[in-house]
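Have a look at the structure below before the remarks.
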Amino acid sequence: MIKNSIWMISGNMLRAAFQLLYFLLLAKSLGSYDYGLFVAMVALATILSPISSVGFGSVLLREVSKNRNTFNELWGKSIGITIIASVFIIMLVLIFKNFLFNSSTPYAPIVVILFSELIFSKLIEINLQALQAFEKMKMVALFQSSLTFSRLIGVLIIYISGVEINLFVWSAVYMIATLAISIISTKYLFSSIGRADLRFDAKISELKDGIYFALGIGSQSLTLDIDKIILSKVAYSEAVGIYFAAARIIDVIYTPIRSVISAINPTLYKNGIPGAINSITLAAKIIPMFGLYIAIVTLVFFFMKTVIIKILGESFEGADIYIIQLLPILFFRGAFYILADILSSIDKNLLRTTIQICTAILTTFISLYLVKNNGVQGAITGVYVTSFIALAVIVCMIVFIGNRENRSKIAKQTDTHE
């Protein structure tokens, strides 16, 4: 696990560096208004992304981690179902476009970004989940970094060539970069592990688990990104674009935490129900490290904030305040997801999904109310309220399960002695 964690952290730190450069160039080129629209479109795609695969990537990760002979069939099903579901979702978004965005928002970039995220980016994610199941963390880290690097190269080419960057031009470059890595990662998986038995059907049990995963991850995405959709629809302005830029930097800072959680996933699944106590103990050791990391980043940012805002340009003035306000959220997010993964590893997917759906619904209503009355500050307050409630609930569930496992062990030991 330590070796896997090192690969994931190293690769994701490189990815974070690429993301930061790519973000700084893109934000500076598009300006706060167009950049904010781009982020809102990606946020919508991110919310819909788990549904586009019906959670089959997570099913693949779980099942192949246990039995590698299931790879070919599950990889093929994941690809087939993703393509069909994604096309259907894109059609629905186009029908309800004016409900989701302002009527002045153009169709073309929405379509391009949806194709990029729901099909090409999702195929990359499925490929990386397969590699993760085989514990090929070196390749997972490499492809994750390559995706961000390809987008960075796209921005650099446009920036150096002097071509005017607008929302549609960047969306097209974004899709081409994503498509390229999708093809390369699929080819690698095919040659190094095996072919995909392309199928468009699934067992009832697989669909059930996939739907649980999709609803859980979709709820997670809704919780993280619904404020962006609401702000872009209800109160869009340059200030909102600045907030979106700050949120993007927060996502980059979260990268090392995400990589640690990804690296320990196979260990949690292998532990399963018998190893629930070990998984909880592992989480208890790792979560405090998240707090230490965030404290260090906050300290460093106080010295670097002037430089970052200067690079972004005058149109992003004030982003530093939003970043400082959002940094503590990362602790809540990291702690919640590592505990949620423990629930999945001990076959408590329904419980995990229920918690995440309730959190998403709560976030939506709180954000709608607070954003209408307080704009960006309302969105930030809403994130804190729902993050704290969600973490408190899942901690109570984990403690309850842990205590029950302990009582069960003590009872078995007593029976043995008798």
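The values are calculated or read from the model by the stated rules, or taken from the named source; none is laboratory data. Since this is a predicted model, take the numbers as computed values, not measurements. FYI the Cβ positions are ideal-geometry reconstructions off the backbone, even for glycines, and counts take in every protein chain you see.
Values computed for the structure shown
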read-out	value
Residues located in region 138-158, provided they are more than 20 Å from R258 (Cα to Cα) and either of a type in the set (A, V, I, L, M, F, W, C) or in contact with a Cys (Cβ under 8 Å, 6 or more places away or on another chain) (or both)	L152, I153, V155, L156, I157, I158
Of all residues in region 93-115 being surrounded by 23 or more Cβ atoms within 10 Å (Cβ to Cβ) and out of contact with any Lys or Arg (no Cβ under 7 Å at 6 or more places or on another chain), the one that is farthest from A16 (Cα to Cα)	L114
Elements of type helices (runs of 4 or more DSSP H) contained in region 1-96, each with 3 or more residues being modelled with pLDDT under 85	2-52, 56-66
Looking only at region 328-355, and only at residues there that are assigned to a helix (DSSP H, G or I) and of a type in the set (D, E, K, R), the one that is modelled with the highest pLDDT	R333
Residue list for region 361-388, restricted to those being buried (at least 17 other Cβ atoms within 10 Å of the Cβ) and within 26 Å of Y293 (Cβ to Cβ)	T363, V376, A379, I380, G382, V383, T386, S387
Any pair with Cβ under 7 angstrom, 6 or more apart, that starts in region 134-155 at a residue that is at negative phi and modelled with pLDDT of 85 or more and ends at one that is surrounded by fewer than 22 Cβ atoms within 10 Å (Cβ to Cβ) and of a type in the set (D, E)	none
Filtered residues of region 24-48 (kept if in contact with an Asp or Glu (Cβ under 7 Å, 6 or more places away or on another chain) and either aliphatic (A, V, I, L, M) or buried (at least 24 other Cβ atoms within 10 Å of the Cβ) (or both))	S32, V42, A43, A45, I47
